[in-house]
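Colleague: Next up is a structure, given as structure tokens.
The values are calculated or read from the model by the stated rules, or taken from the named source; none is laboratory data. As the structure is a computational prediction, the values presented were derived from the model and not from experiment. Here Cβ is always computed from backbone atoms with ideal geometry, including for glycine, and neighbour counts include all displayed protein chains. Remember, those area values only see protein heavy atoms, side chains included, never the ligands or the DNA or RNA. Shrake-Rupley method; radii C 1.70, N 1.55, O 1.52, S 1.80 Å.
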Amino acid sequence: KHQTSINEVIDQFSKELTIRDVLEDCIICCDTLTEGSPYDNDPRLVALLHCNHIFHRSCLKEMYISGPKDGHLQCPTCKTIYGEKTGIQPPGSMDFHLVPHCLPGYPGYSTIHIIYNISPGIQGPEHPNPNKPYTARGFPRHCYLPDTDKGRKVLRLLVKAWERRLIFTVGVSSTTGEPNTVTWNEIHHKTEFGSNITGHGYPDPQYLDNVLTELTLQGISE
Ligand code: APR
Ligand code: ZN
């Protein structure tokens, strides 16, 4: 059953090639595509449907198996995401409201105030150390966006990212070194309101575009 579903994911997002004289190497195994996959010698080649990057079918399968196995595939060459990527963010809440003050760099605009709350708990099977506890430091965490068109777009996408469990993860905090704790997960947030002492504040004219790129890398766009 498990094996079938792995093959289904590969078949859903790639098509088999009938030609075998492909010049480039397989970026997954770094071997030539004119010979079989080093994993099992299977000679079949596949191209991903949208980006058309080519791999040994078995190499793509090994890559999928070594990941979260949640039904999504990411092209190792160009990072295009197929299907919906989901993360391992623990249960909690995301709330937001408008405050009538402007952020440095956005005079005349209100501010979107986001509040994330996550409590400590016990790790599930999807987490690095199942059945062990995880801590949750610094919650509720407060974040800020300008209430501009682009700021509202970022908010909509952050809500999507929250629903797909991608805003936080469980692992080692790079700030404190603490393991088994809830940390930010590759989608940067501005946690400082009126100043920029930590580097996670405003003004930062590139921030909204940067976070839109980070969201795209997680497969989240409009
Ligand atoms: N505000 C926003 N982002 C931060 C902050 C911060 N104060 N500190 C680190 N980050 C970013 C880092 O740049 C990195 O990309 O979060 C990412 C993960 O860093 P970790 O240190 O592993 O994350 P975490 O332990 O969750 O955060 C450390 O962030 O919001 C605060 O209260 C939190 O003080 C804690 C700090
Ligand atoms: Zn290969």
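Colleague: Determine the principal axes of the Cα atoms in segment 103-162, then give the extent along each, sorted from largest to smallest and rounded to whole angstroms.
Modeller: 49, 21, 13
Colleague: Once both axes come from the Cα atoms, what is the angle between helix 2-13 and the longest principal axis of the chain, in degrees from 0 to 90, rounded to 10?
Modeller: Roughly 80 degrees between the two axes.
Colleague: For the Cα atoms of the chain, what angle does the longest principal axis make with the long axis of helix 149-163, in degrees from 0 to 90, nearest 10?
Modeller: For helix 149-163, the angle is close to 60 degrees.
Colleague: Continuing with this model, one more query. Mind checking which of Ile115, Ile88, Ile197 has the largest fluctuation in a GNM of the chain, springs on alpha carbons under 10 Å?
Modeller: Highest fluctuation of the listed residues: Ile197.
Colleague: Tyr109 to Arg20: FRET efficiency via 1/(1 + (r/R0)^6), r the Cβ-Cβ distance, R0 45 Å, to the nearest 0.05? The partial results should precede the final answer.
Modeller: Details: r = 57 Å, r/R0 = 1.27.
Computed FRET efficiency for Tyr109 and Arg20 comes out at 0.20.
Colleague: Within a Cβ distance under 13 Å of Thr169, other residues only, what is the Lys/Arg minus Asp/Glu net charge?
Modeller: +1
Colleague: Here is a follow-up. Which entries of Lys61/Lys160; Lys150/Lys190; Lys15/Lys61; Lys85/Lys190; Lys79/Lys150 have Cα-Cα distances beyond 19 Å here? Don't skip to the answer; put the middle values down first.
Modeller: Values: Lys61/Lys160 27 Å; Lys150/Lys190 15 Å; Lys15/Lys61 13 Å; Lys85/Lys190 23 Å; Lys79/Lys150 24 Å.
Flagged as over cut-off: Lys61/Lys160; Lys85/Lys190; Lys79/Lys150.
Colleague: On the protein heavy atoms, probe 1.4 angstrom, tell me the percent of accessible surface of the chain carried by carbon and sulfur. Don't jump to the answer; show the numbers that get you there.
Modeller: On the way: 6310 of 11820 Å².
Carbon-and-sulfur percentage of accessible area, whole number: 53.
Colleague: Same structure again: With a 1.4 Å probe and all protein chains left in place, how much accessible area per residue does the chain have, in Å²?
Modeller: Values: 11820 Å² over 222 residues.
Roughly 53 Å² per residue, with all protein chains present.
Colleague: Would you mind classifying segment 45-133 by shape? Square roots of the alpha carbon gyration tensor eigenvalues, ordered a ≥ b ≥ c; an a/c under 1.5 is rounded, otherwise it is prolate if a/b is larger than b/c and oblate if not.
Modeller: Numbers: a/c = 4.47, a/b = 1.55, b/c = 2.88.
In terms of gyration-tensor shape, oblate.
Colleague: Please give the charge dipole size of the chain, origin at the Cα centre, charges +1 on K and R Cβ atoms and -1 on D and E Cβ atoms. Round to the nearest 20 debye.
Modeller: On the way: 20 positive and 25 negative charges, 133 e Å.
Rounded to the nearest 20 debye, it is 640 debye.
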